[in-house]
Amino acid sequence: MKNFAPSLLFFFIACQSYTPWKSEWRNKDGLEVFYAAVSAKASPQAIESGSLAMRRSTCVNATNLLSTSPKLTSILLEQESIQLDEVETKDLGRLIFAHKIKPKQDSCQSEDTGYFFASSAWETCQCIYIIEYPGGRKQFRQDLTQVK
C-alpha cells in the first residue's frame with residue numbers, strides 16, 4: 001500500500017502534461033508517411049454547455065474538417081519550407097487530389113495544459129493524421145518541382 005500513493009501521484013502528473021505533436025515524415029511499416037498535426041477548437045455551444053464529451057467530440061470533428069481541406073497541403077509545404085504562389089498551390093492541390101489521398105486519424109489529445117480534470121479540457125485539441133503519400137517524401141518533392 002505504501003507504493004500506491006506515489007504511483008497515483010505519478011499518474012496524475014503524467015495525465016496533466018501536454019506535449020504538442022509536430023508534423024513530420026516518419027517510417028511506418030517500411031513506408032515513408034507524413035504525420036500531420038492538426039489543431040482545432042470545440043464549438044462555442046459545447047464550451048458553454050460544460051459537457052466534456054461534447055467539447056471533445058466537436059473539437060475532434062473540427063480537426064476532421066480541417067484534415068480534408070487545403071490545411072494539409074499547407075502543413076506539407078511548411079515541412080518542406082517551400083512557399084508556392086496561389087496558382088502553384090492549386091496545381092499541387094489538384095495533384096494531391098489525383099493521388100486520392102485519404103488522411104487517417106491516428107490519435108487526438110486535449111491541448112489543455114491544466115490538470116486532467118480541468119473544466120477547460122478539450123476546448124482545444126490536436127489530432128495526428130497519417131498521410132500515405134504515394135512514393136513518400138521523395139515523390140512529394142518531385143511533385144513540388146513539377147508544379148514550380
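Please say if segment 29-147 is rounded, prolate or oblate, where rounded means a/c under 1.5 for a ≥ b ≥ c the square roots of the C-alpha gyration tensor eigenvalues, and otherwise the choice is prolate for a/b larger than b/c and oblate otherwise?
Values: a/c = 2.80, a/b = 2.21, b/c = 1.26.
Prolate is the answer for segment 29-147, as a/c is 1.5 or above and a/b outweighs b/c.
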Residues whose placed amide H lies under 5 Å from that of Y133, excluding near-sequence neighbours: F34
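Can you pick out the pairs among K104/K148; K41/K148; K71/K102; K41/K100; K41/K90; K28/K71 whose Cα atoms lie more than 25 Å from each other?
Numbers: K104/K148 28 Å; K41/K148 34 Å; K71/K102 14 Å; K41/K100 27 Å; K41/K90 27 Å; K28/K71 23 Å.
Check vs 25 Å cut-off fails for K104/K148; K41/K148; K41/K100; K41/K90.
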Local electrostatic count at G135 - Lys and Arg +1, Asp and Glu -1, tallied over other residues with Cβ under 13 Å: 0
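Go through segment 21-122 and name the trypsin sites (Lys or Arg not before Pro) that are in a DSSP coil and have 11 or fewer other Cβ atoms within 10 Å of their Cβ. Intermediate results must be reported in sequence, preceding the final value.
Working: sites: K22, R26, K28, K41, R55, R56, K71, K90, R94, K100, K104; in loops: K22, K100.
For trypsin sites (Lys or Arg not before Pro) across segment 21-122 that sit outside H, G, I, E and B with at most 11 neighbouring Cβ atoms in 10 Å, the list reads K22, K100.
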Length-normalised contact order for segment 29-147 - Cα pairs under 8 Å, 6+ apart - percent: 40
Integer Hz, Karplus 6.51/-1.76/1.60 couplings in order for segment 64-76, x for Gly and Pro: 4, 5, 5, 6, 10, 10, x, 4, 5, 4, 5, 5, 4
14 Å beta-carbon shell around T89, net charge (K/R +1, D/E -1): -3
Karplus 3J(HN,Hα) series, Hz, for segment 27-34 with 6.51 cos²θ - 1.76 cosθ + 1.60 (x for Gly, Pro): 8, 9, 6, x, 10, 8, 10, 9
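A short reminder: the numbers here are calculations on the coordinates, not readings from a lab. Predicted model, so just to flag it, every value in this text is computed and none were measured. Quick reminder, even Gly has a Cβ in these numbers, built from the backbone with ideal geometry, and neighbours come from all protein chains shown.
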